[in-house]
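First up is the structure itself, then whatever we jot down about it.
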Amino acid sequence: MAPDSDRDLRRLIKRYGIRVVPANPDDWPSLHRNTFNEIHKIKYQQFDNYCTEDDTSEEYSLRKQTKYRAKFLSMRARSLLRQQRTEAGWRFTLENEVLQNFLTEPVR
Amino acid sequence: MPELTSDSYAPSTSSIFEDRAQELVMHDPLVQVKLPRKEPDRIVGLQVTRELEGDYLSVYDKVRCSPLRDCDEPLLFPFLILEAKSEKSPNGFSDIEAQTALPIWALLKLQQDLQEKTPEHNSRPGPLVWFLANRGENWRLYGCYVDTDGPKRYVSEFSRI
């Protein structure tokens, strides 16, 4: 991006009152704090600790599927890299696969 | 009134979600200033299904429902935006944020207008758009919202999660 247009874009962004704030949970807005906290917790979730055999929650079946899917996506990513595709190639394929489950999940 | 026939809907077993890749995000026609054209890598929103028909018909003539050009199966109220850059790209995350800021602002504004024009529905906690940015294998998630805690002016904030 040419420096002038980049500067103009940033000026426009400032003019419209758009800003990026650092990831500080104390600064999160009260309206969205609960939602952000739930998402933030996922950052610390370890794959091995998620949905173990001791899990007795009602969502065990759903969690097990999620864990299987995470493993599948990880293996798929590794496979795509081994194929030495271009970055655009592997990203496009993987992105579609990551989103596909989400986009085709039936309404409940 | 849009003509909604049995062919207009995705089958009732399909998702209420839909996505678009690299389509021009158009701003509210009331925004007078000409804003730069941006086509985010991907945006995810809702599509009209039988389940959403009633809700859609109750608002479609009150507010803009889609930030994209008109079509028979519009993408409604997108809430997730993805932008990716190559690991080798000279653009850092600051540039990715700048490039996507105005499209996100447009998506928040759609939700904000819906909230204001349908006060009969309880629409807390307010407009929210998720922004997932990645540069090669490094990625960041932002929660984007309208700041109502501060002084009374329209401010969109992107907060890293």
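The values are calculated or read from the model by the stated rules, or taken from the named source; none is laboratory data. All values reported here derive from a predicted model rather than from experimental measurement. We place every Cβ from the backbone using ideal geometry, glycine too, and count neighbours over all the protein chains shown. Areas reflect the complete protein model, heavy atoms only, side chains present, ligands, DNA and RNA absent. Shrake-Rupley method; radii C 1.70, N 1.55, O 1.52, S 1.80 Å.
A few points about this structure:
- Atom-type composition of the exposed protein surface of the protein assembly as shown places 50 percent of the accessible area on carbon and sulfur (1.4 angstrom probe).
- Cross-link partners of A:LYS64 among lysines (Cα-Cα below 20 Å; sequence separation of 8 or more within a chain): A:LYS41, A:LYS43
- Here r is the Cβ-Cβ distance between A:ALA88 and A:ALA23 and R0 is 25 Å; the resulting FRET efficiency, rounded to 0.05, is 0.30.
- Rounded, prolate or oblate (a/c below 1.5 giving rounded, otherwise prolate when a/b exceeds b/c) for the protein assembly as shown by Cα gyration tensor: rounded
- For region B:65-91, the residues whose amide N sits under 18 Å from a probe point set 7 Å from the Cα of B:ARG37 along the beta carbon direction are B:67-71.
- Antiparallel DSSP beta bridges within the protein assembly as shown, percent to nearest 5: 70
- Dipole magnitude for the protein assembly as shown: computed about the Cα centre from +1 point charges on Lys and Arg Cβ and -1 point charges on Asp and Glu Cβ, it is near 1020 debye.
- Taking the longest Cα principal axis of chain A as reference, the axis of helix A:87-104 is set at about 60 degrees.
- Selection from B:LEU108, B:TYR142, A:GLN100 lying farthest towards where the dipole of the protein assembly as shown points positive, charges on Cβ: B:TYR142
- Note on A:ASN101 and B:ARG50: their simple-model spin labels are 2.8 nm apart, each label 7 Å out from Cα toward Cβ.
- For a modelled paramagnetic label at B:THR148, 7 Å from Cα along Cα-to-Cβ, the residues of region A:8-32 in reach, with backbone nitrogen under 15 Å, are A:29-32.
- Projected label points at A:ALA70 and B:GLN22, each 7 Å from Cα along the beta carbon direction, are separated by 3.2 nanometres.
- A:ARG76 accessible area, assembled protein chains, probe 1.4 Å, Å²: 60
- For region A:11-27, 3J(HN,Hα) computed residue by residue from phi via the Karplus equation (6.51, -1.76, 1.60; θ = phi - 60°) reads 5, 5, 4, 5, 4, 8, x, 9, 8, 9, 10, x, 7, 10, x, 5, 9 Hz, glycine and proline entered as x.
- Chain A: most fluctuating residue of A:LYS67, A:LYS41, A:LYS14 per GNM, C-alpha cutoff 10 Å: A:LYS14
- Loss of accessible area when B meets A, both sides summed, Å² nearest 100, probe 1.4 Å: 3800
- Gain in span if fully extended, B:LYS117 to B:LYS62, counting 0.36 nm per residue against the direct Cα distance: 19.1 nm
- Span from the region A:31-108 Cα centroid across to the region B:51-108 one, whole angstrom: 23
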